[in-house]
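Contents: one structure, followed by commentary.
What follows draws every value from the coordinates through simple rules; no lab data is involved. In this text, all values refer to a predicted model and were calculated from it rather than measured experimentally. Here Cβ is always computed from backbone atoms with ideal geometry, including for glycine, and neighbour counts include all displayed protein chains.
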Amino acid sequence: MSAVPAILGRRSTGERVRGGAFYALLVFSISVGFLLLGTLLVDVFRKGVPFLDWVLLNNPPSASPEKAGARPAILGTIYMMGLLLLMAVPVGVGTALYLEEYADRERWYNRVLEINIQNLAAVPSIVYGILGLAFLVRGLGLGRVLLAGAMILTLLVLPIVIVSSREAIRAVPDSIRQGAYALGATQWQVISRQVLPAAIPGIATGSILALARAIGETAPLLLVGALTYVAIDPTILGQFTALPIQIFQWIARPQDDFKLLAAAGIIVLLAILLVMNAGAIWLRNRYQRRW
Amino acid sequence: MATREAALGPRPEIRLRAESRRWSEDVVKGVLALCALVSVATTLGIVIALLEPSIEFFSEISAVDFFSGTTWAPLFVPSSFGVLPLLAGTLNVTAVACLVAMPLGLAAAIFLSEYAKPRVRQVLKPSLEVLAGIPTVVFGFFALTFFTPLLQDVGIDVNVFNALSAGIVMGVMLIPTVASISEDAMASVPRELRDGAYALGGSRLQVSTRIVVPAAISGIVASFVLAISRAIGETMIVLIAAGGIAQLTADSREPMQTMTAFIAATGIGDVPTGSIEYKTIFAVGLTLFVITLVMNVFAIRLVRKYREIYE
């Protein structure tokens, strides 16, 4: 893609200046994002590190910033991750298998299904919160419990799991399927013993990234009622809070010390996300095969 | 042939079909189809959840008052249900965010697609995506506790809660959205178009701006539309940094409430089911959903268009 050197002579000065200025503009533009990211991290660490201690990890929330911790919130987030893994991944992979291996693209209902998933991916997260409020919390009478929060986050990240799983399944070459069919395997035998194992690294990577997205979500959880004072360890069918919610709660406090505590909470949240993302990248590099 | 028949008897009939119907295969397919139905049920659920209370809401408050009223005070006595201040707040923050995200995102896409060496792109593109992976509550914290004071320090007279700071930070968050989709579109512009332009003596600037950008325009527009839709639907940054006062003003330095922030702020409180306050959540939510849905459908069609042309 390199420019062909001008055989007939040098470019005019004006043209070269414009080219240089444009290049500088592009470099500046792409730097802005990194600049803000760097500033954000430095700012959060500067504020949060003094509060980053065992008290934060192990104490329940408290009215005094010195004693306040995020233990119920951290546990809530961990439970939520477990439930998401149990709900979002099977349903997402199942949908992806249906769309890639079974669905006839020409049928109108399968097209509707695909368009529907594309649209769902772009629905604002707060709208999922409304869905949870109307159906799970009030409609089903589940109440403001951890399970309701996990179900809403499942629906929220389902499109992400589906899309990444579909890509992983599509990347398995047809020759593998045909080889298995030629040996007399049924369709499900082909899928469960050949396609799925080959696609698992890609599916796992995508699922971890989707989980990471889910546990950083705040808005939908606000609506299903995670914003309560919870001092005890959460249970699946009990009141709950989660790390981003706890951070929001601390930010909303007028005292400055709670803002610093919020920064410490953010460090914990970012650390969890970093571990998950690093894990996803490691999985991809370690196990992904190129056919 | 005759000798063979004599030796082996009549040729056995070979059947390629399975002896019996494989029910377990059908069961598996059914289960997978059920999984796929979950996402359809989600959409239906969203529509029903929004529509039903909204219809009740609009039977109590006229739609004309709702969409043309300039005072939003659902929790006051006497209450007033004009959604315009919330729409204005959303529009204001979205406009600021787009002014940041669109030019910077497009420039970043041009850099990645036309200027960066493949190795540089391989590192820069995922690094930029890190921005999109930071939880929005963190951006809200940053806007409130760092960016707003920064604006005040450089002499911009902003309120502690303001739309400007929230919008700028949101704009930076949206850069990867614009850059990533635009870059995809530019990458699918055929190499021949560039080579032709270079052969005619075009500079890299000319090829980028006059060949690649116009050829990828539907994807670029799609990325813009998607960014707008994201900005409209973003909740936490505005809830934290833009304040909670629904006022009709064009001044971005003032506190504002967006539709999303209103929904969140009202949903946090334990509003009694069936009350008019409860129903406002759904009426505003429906408005938000319809606006973003229209934009998303538009963006998806645009993306499909450039894929059809070049891939």
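The distance between label points at A:A271 and A:Y102 comes to 4.4 nm (points 7 Å beyond Cα on the Cα→Cβ vector). Normalised Debye scattering of the range B:81-236 at q = 0.08, 0.09 Å⁻¹ gives log10 I(q)/I(0) of -0.29, -0.36, counting only Cα atoms as equal scatterers and leaving out solvent. Exposed loop sites, defined as GluC sites (Glu not before Pro) outside DSSP H, G, I, E and B with at most 12 other Cβ atoms within 10 Å, are absent from the longest region of chain A, namely A:107-291. Distance between the 7 Å Cα→Cβ label points at B:I14 and A:D256: 8.7 nm. Evaluated over the Cα positions of the protein assembly as shown, the convex hull gives a direction-averaged projected area, one quarter of its surface, of 37.2 nm². Using only Cα atoms, tell me the angle between helix B:163-187 and the longest principal axis of chain B; keep it within 0 to 90° and round to the nearest 10. The angle comes out at about 20 degrees.
For the options B:E254, B:E192, B:E13, a Gaussian network treatment of chain B with springs between C-alpha atoms closer than 10 Å singles out B:E13 as fluctuating the most. Using a Gaussian network model of chain A whose springs link C-alpha atoms within less than 10 Å, name the residue from A:L99, A:L209, A:L156 with the highest mean-square fluctuation. Ranking A:L99, A:L209, A:L156 by mean-square fluctuation puts A:L99 first.
Projecting the Cα atoms of A:L155, A:Q194, A:I130 onto the charge dipole of chain A, computed from C-beta unit charges around the Cα centre, puts A:Q194 farthest toward the positive end. Taking the Cβ-Cβ separation of B:F67 and A:F34 as r and a Förster radius of 60 Å, what is the calculated FRET efficiency to the nearest 0.05? Efficiency, rounded to the nearest 0.05: 0.90. The simple Förster model, with R0 at 22 Å and r as the Cβ-Cβ distance, assigns B:R119 and A:R170 a FRET efficiency of 0.25.
Each residue of the range B:243-250 was assigned a 3J(HN,Hα) from its phi angle through the Karplus expression (A = 6.51, B = -1.76, C = 1.60, θ = phi - 60°), giving x, x, 9, 7, 10, 8, 8, 9 Hz with x at Gly and Pro. Backbone amide hydrogens, once placed in the peptide plane, bring B:F81 within less than 5 Å of B:A73, excluding anything fewer than 5 places away on its chain. Within the range B:63-107, the chymotrypsin sites (Phe, Trp or Tyr not before Pro) that combine a DSSP coil assignment with at most 16 other C-beta atoms in a 10 angstrom radius are B:F76.
When chain B is treated as a GNM with alpha-carbon contacts under 10 Å, the residue of B:V238, B:V38, B:V93 showing the greatest mean-square fluctuation is B:V38.
Applying a DSSP loop filter and a limit of 16 other Cβ atoms within 10 Å to the trypsin sites (Lys or Arg not before Pro) in the range A:36-88 leaves A:K67. Couplings 3J(HN,Hα) for the range A:52-61, derived from phi with the Karplus relation 6.51 cos²θ - 1.76 cosθ + 1.60 (θ = phi - 60°), are 8, 8, 4, 4, 4, 7, 10, 8, x, x Hz, where x marks Gly and Pro. Just to confirm the number: angle between the C-alpha axis of helix B:259-268 and the first principal axis of chain B, 0 to 90 degrees, nearest 10? Rounded to the nearest ten degrees, it is 90.
If R0 is 60 Å, what FRET efficiency do you get for A:R16 and B:R21 from their C-beta distance, rounded to 0.05? Efficiency for this residue pair is about 0.20. Mean sequence separation of contacting Cα pairs (under 8 Å, at least six apart), scaled by the length of chain A, corresponds to a relative contact order of 26 percent.
Shown here for the range A:93-185: trypsin sites (Lys or Arg not before Pro) in loop regions (DSSP other than H, G, I, E, B) with at most 15 other Cβ atoms within 10 Å, namely A:R105, A:R107. With loop membership from DSSP and a limit of 10 other Cβ atoms within 10 Å, the longest segment of chain B without trypsin sites (Lys or Arg not before Pro) is B:22-311.
Among the DSSP helices (H) of chain A, those spanning at least 18 angstrom by Cα along their long axis with an average Kyte-Doolittle hydropathy of 0.0 or more are A:13-48, A:71-97, A:146-170, A:196-215, A:256-287; this is a geometric and hydropathy rule only.
Using C-alpha pairs below 8 Å separated by at least 6 residues, the relative contact order for chain B is 24 percent. Summing charges over neighbours of B:L128, with a neighbour being any other residue whose Cβ is under 12 Å away from its Cβ, gives 0 when K and R count +1 and D and E count -1. Which of rounded, prolate, oblate describes chain B, given a ≥ b ≥ c as roots of the alpha-carbon gyration tensor eigenvalues and a/c under 1.5 marking rounded, otherwise prolate only if a/b is larger than b/c? Oblate, since a/c reaches 1.5 and b/c is not below a/b.
Label-to-label distance, A:R138 versus A:R111, with points set 7 angstrom from Cα along the beta-carbon direction: 3.8 nm.
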